[in-house]
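Below you'll find the structure, written out as structure tokens, and then a few comments.
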Amino acid sequence: PAPDSPSLPRPKLGTRLGKYLLLEPIGRGAMGVVYKASHEDLGRTVALKTLKTTSDIPENQLAEFKRRFQQEAQSAGRLTHPNIVTIYDVGEEQGLAYIAMEYLSGQSLEDIIAEKQALSVERITQIMVQICEGIAFAHKNGVIHRDIKPANIIITEDGVAKITDFGIAKIQSASATQTGLIVGTPSYMSPEQITGKGVDNRSDIFSLGAVFYELLTYEKAFPGDNITTVMYRVVNEQPSPVSVINLAIPPQFSPIIQKALSKSAADRYPDAESMARDIQNYKDLAAQQMSSTVVLNTRDAQSTMVMSAASAQTVVAAPGQHGVPASPPARRVPVVPLVATGSLILLVVVWVLFFKDGASSADALGTASLDLSLNLLEGTVRLDTSTHTIRNGKVLIPHIDAREHELSIIHDGYTDYRTKLLFAENEQKKLNVEMRLAPVPIPAGVDTAYLTVLATPPGIRVVTNTGRFVGYTPLKRILFPVGKHTLVFGREYYENQVKDIDIKKGQELKLNLVLEPKRGRVSTAAVSPRGVELLLDGVLQKPEKDGSSYLLPVGDHRLTLRLAGFRTFEKDTAISETEELRLNASLEQLFGRLYINSDPDGAEVTVDGKPLGKTPVRVESFAAGRHEVKVQKGPMLTTQQITVEENKEFSATYKLESALGYVRLIINPWAKVYVDGRERGVTPPLDNLELKPGTYAIKIENPAFKAVTRTVTVKAGGTTTVEHTFK
């Protein structure tokens, strides 16, 4: 109520409470009155918040009010900061407990938002940074506010933001509030507060994001007609970006607010200082810089309009005002006053919006989409009045109007699901819905037990041999009639399974199934060049013995053909159980550049067995991929495997020494390796020995087995393999 409301007690002028002279009531809470008062010795004007310590309300409620009252004094009293209301004194007298705090003359952020006051972007930035700094100071001193909202932030007459009402604050060293207790204001509470989980300073970060969202857009981040809807949206939905709701807001603010409003605390800003820095430096978050602004506002407008002197950006106004015809929420049109400053720009904007074939409002329709995932394989969903088919647990709905819609999902055997979804322009919303099985009515006198069915893949349809639908897996402890039954398990693209069960009264029968996918044949025999690799949905597949035939799961898949040095080929296609899919493609050869030199120069260069000439050798267009390079001059030789990349140059200078040979080691499981009695390392990772031509005694030793010695002869440029498996 207003301060002069008859519902407020009006003490006689001059009444004292402790050392304070009560001047006039200025507000009322649930259990007491806030007075404007004066300290009789210091002459300081204060706000005196009182609480009746005797009341006819239930004792447990009174105890809770007392606890919160003391909590506010304890938490805020330890904080001295320019952006936090100052606590001067606490006491109790005449059946009233009281807190004397800084008297603030100004407006709450709630009133500023409700009045849609015209604020420049820079002024909004100042307010947000000040609030962050105050909260950061509280966090550093171990205090979590837990009820940050516009009503608890005062903007004084000299423009300073002050945080008030620490009544449900949590002091981190205290244990007054336990996990599982929900406190706060739903529209600004974090998901962990709503779900009753433990909170830390990042819960306040979420609340800051919700407050700043409302300050930037004059719309709540999580709107709703009732508390249940609001709480659902806080936990499950992402609000539209602020720059979409208010086109005048620099787009750099959107990622800041979205990060603060992350559902997971780990994805938010770790502290309020980090958030303040990004807000303060928002211009540096993108290359586009804002120019100076002129603020235009109409009291009836949905949001404040900020117009740049360089380019006109507008914010939509509520429909049906100032002679603008009413239209659905998604087709709002701006209403702006024509003023001298920037009037030419405004005339152009008005002409485009009102006379140019209505293009602006029409273009805003049908730009959103919904990607819906369900635990139902089939069925239908409704978005408003349109019906869409579920296919393998997926529904994609394009061309959705940017407004609020109602989503409903109804399926036999499951509890109906309904919710409202708010879409912004160009928003691509993803939603996972876990439908819940409806209770199955069991006739009187029928004994029951529990049935659990887990399966791979999930989402397998379970029916009885009589055709009664049971549900989609996983099914966990569902009531089921006792006795013998036959269950049929099926899913598109998988082989059905039939299983007889005998379920006993009061017991739980657990089934764990694996359905084999149906397979079709795919051939790469017509693909050139030979030797390509085939990937199914990004996973490398193993061919049959002929090297070009594959047995792959049927259904819609993405097939990828790849080979080093060639451009990758991709194709979305359906694999059939009955008809072979013959892939016919020619992969495009890629080219790079090759430069080979040697020390000394004049060596013969051979690549993949083909001579290229004497060093230095340069080839401007050389096939990309893996190659073997051999560089030889007389008895001096080196051989290397190289990779040439597309549009890049491979360059190497090889120092030629006495010709060497190689010993390739394939040892299982592992061994120490000795060459003529000298230890050379452990294989793996030692897989190759580089040796001068000659004969050597190679000893491999594993302490769990008998040592083995092999005699090998190494030839210049050749490779000898030593392979052994310890048994």
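The values are calculated or read from the model by the stated rules, or taken from the named source; none is laboratory data. Predicted model, so just to flag it, every value in this text is computed and none were measured. Cβ coordinates were reconstructed from backbone atoms using ideal geometry, including for glycine residues, and neighbour counts include every protein chain displayed. For the accessible areas, the whole protein counts, side chains as well, though only heavy atoms, and no ligand, DNA or RNA atoms are used. Shrake-Rupley method; radii C 1.70, N 1.55, O 1.52, S 1.80 Å.
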Margin query: With the requirement that a residue be closer than 15 Å to Ala716 by Cβ and assigned to a strand (DSSP E or B), what does the range 628-639 give you?
Written below: Lys630, Val631, Gln632, Lys633, Met636, Leu637, Thr638, Thr639
Item checked: Residues of the range 481-518 that turn out to be without any contact (Cβ under 8 Å) to a residue 40 or more places away in the chain and closer than 16 Å to Ile442 by Cβ, as a count -> 4
Item checked: Residues of the range 70-91 satisfying the condition of being at pLDDT 80 or above and under 36 Å from the mean Cα position of the chain (by Cα) -> His81, Pro82, Asn83, Ile84, Val85
Checklist line | Neighbours by Cβ (under 6 Å, 6+ apart or cross-chain): first from the range 640-659, over 13 Å from Val629 (Cβ atoms); second open to solvent by 60 Å² or more (accessible area, probe 1.4 Å) and in a strand (DSSP E or B) | finding: Glu649/Arg593; Lys655/Asp599
Margin query: Return the residues of the range 589-627 that are hydroxyl-bearing (Ser, Thr, Tyr), surrounded by 19 or more Cβ atoms within 10 Å (Cβ to Cβ) and either out of contact with any Ser or Thr (no Cβ under 9 Å at 6 or more places or on another chain) or in a strand (DSSP E or B) (or both); say none if nothing qualifies.
Written below: Ser598
Note to self: For the range 545-566, give me the residue count where each residue is in contact (Cβ under 8 Å) with a residue 24 or more places away in the chain and assigned to a loop (DSSP other than H, G, I, E, B).
What the structure shows: 5
Check: Which residues, counting only those in the range 110-159, are closer than 22 Å to Glu219 by Cα and among the hydroxyl-bearing types (Ser, Thr, Tyr)?
Finding: Ser120, Thr125
Check: Looking only at the range 431-470, which residues are open to solvent by 40 Å² or more (accessible area, probe 1.4 Å), in contact (Cβ under 8 Å) with a residue 24 or more places away in the chain and assigned to a loop (DSSP other than H, G, I, E, B)?
Finding: Glu434, Pro439, Val440, Ile442, Val446, Asp447, Pro458, Asn465
Note to self: Residue under question is Gln126, and the condition is that it be touching a strand residue (DSSP E or B) at 6+ places or on another chain (Cβ under 9 Å), open to solvent by 30 Å² or more (accessible area, probe 1.4 Å) and modelled with pLDDT of 85 or more; does it hold?
What the structure shows: yes
Item checked: Residue identified as modelled with pLDDT of 85 or more and over 16 Å from Pro82 (Cα atoms) among Ile168, Ile163, Ile144 -> Ile144
Margin query: Being out of contact with any Phe, Trp or Tyr (no Cβ under 8 Å at 6 or more places or on another chain) and either aliphatic (A, V, I, L, M) or exposed (fewer than 15 other Cβ atoms within 10 Å of the Cβ) (or both) is true for just one of Gly547, Gly565. Which residue is that?
Written below: Gly547
Check: Filtering the range 657-671 down to residues that are under 49 Å from the mean Cα position of the chain (by Cα) and surrounded by 17 or more Cβ atoms within 10 Å (Cβ to Cβ), which residue is farthest from Thr638 (Cα to Cα)?
Finding: Ala671
Notebook entry, point to check: If you check Lys499, Lys505, which single one turns out to be outside any strand (DSSP E or B) and surrounded by fewer than 15 Cβ atoms within 10 Å (Cβ to Cβ)?
Noted result: Lys505
Notebook entry, point to check: Which members of the range 394-425 meet the condition of being open to solvent by 60 Å² or more (accessible area, probe 1.4 Å) and under 23 Å from Ala438 (Cβ atoms)?
Noted result: Lys394, Glu406, Ile410, Asp412, Thr415, Asp416, Arg418, Lys420
Next item on the list: Take the range 130-148 and flag every residue that is open to solvent by less than 10 Å² (accessible area, probe 1.4 Å), in a helix (DSSP H, G or I) and either among the charged types (D, E, K, R) or in contact with a strand residue (DSSP E or B) (Cβ under 9 Å, 6 or more places away or on another chain) (or both).
Entry: Ile131, Gly134, Ile135, Ala138
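Conditions (1) under 23 Å from Asp599 (Cα atoms); (2) open to solvent by 70 Å² or more (accessible area, probe 1.4 Å); (3) in contact with a Pro (Cβ under 6 Å, 6 or more places away or on another chain); (4) not in a strand (DSSP E or B), marked per residue:
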residue: Leu686; (1), (2), (3), (4): no, no, no, yes
residue: Tyr696; (1), (2), (3), (4): no, no, no, no
residue: Ile700; (1), (2), (3), (4): no, no, no, no
residue: Arg710; (1), (2), (3), (4): no, yes, no, no
Margin query: I'd like the full set of residues that are farther than 16 Å from Asp599 by Cα and either crowded, with 18+ Cβ neighbours inside 10 Å or at pLDDT 95 or above (or both), limited to the range 628-648.
Written below: Val644
Margin query: I need the full set of residues from the range 227-262 which are open to solvent by 50 Å² or more (accessible area, probe 1.4 Å), assigned to a loop (DSSP other than H, G, I, E, B) and either in contact (Cβ under 8 Å) with a residue 40 or more places away in the chain or among the small types (Gly, Ala, Ser) (or both), in order please.
Written below: Gln238, Leu247
Next item on the list: Find the residue count for the range 568-582, including only residues that are part of a loop (DSSP other than H, G, I, E, B), open to solvent by less than 90 Å² (accessible area, probe 1.4 Å) and either touching a residue at least 24 places away in the same chain (Cβ under 8 Å) or in contact with a helix residue (DSSP H, G or I) (Cβ under 9 Å, 6 or more places away or on another chain) (or both).
Entry: 2
Item checked: Residue match in the range 529-544 (condition: more than 30 Å from Arg618 (Cβ to Cβ), part of a strand (DSSP E or B) and free of Cβ contacts under 8 Å to residues at least 12 places away in the same chain) -> yes
Note to self: Only one of Thr341, Thr389, Thr385 is of a type in the set (Ser, Thr, Tyr), over 24 Å from Asp225 (Cα atoms) and either at pLDDT 85 or above or touching a Pro at 6+ places or on another chain (Cβ under 7 Å) (or both). Can you tell me which?
What the structure shows: Thr389
Next item on the list: Residue by residue through the range 211-226, note down the ones that are of a type in the set (Ser, Thr, Tyr) and assigned to a loop (DSSP other than H, G, I, E, B).
Entry: Tyr218
Item checked: In the range 78-114, the residues that are open to solvent by 60 Å² or more (accessible area, probe 1.4 Å) and β-branched (Val, Ile, Thr) -> Thr80, Val90
Item checked: Positions within the range 489-516 being over 33 Å from the mean Cα position of the chain (by Cα), within 30 Å of Asp556 (Cβ to Cβ) and charged (D, E, K, R), in sequence order -> Glu495, Lys499, Glu516
Next item on the list: Return the only residue of Leu437, Leu475, Leu454 being hydrophobic (A, V, I, L, M, F, W, C) and closer than 21 Å to Tyr232 by Cβ.
Entry: Leu437
Next item on the list: Go through (1) open to solvent by less than 20 Å² (accessible area, probe 1.4 Å); (2) under 30 Å from Val242 (Cα atoms) and name the single condition Gln428 misses.
Entry: (1)
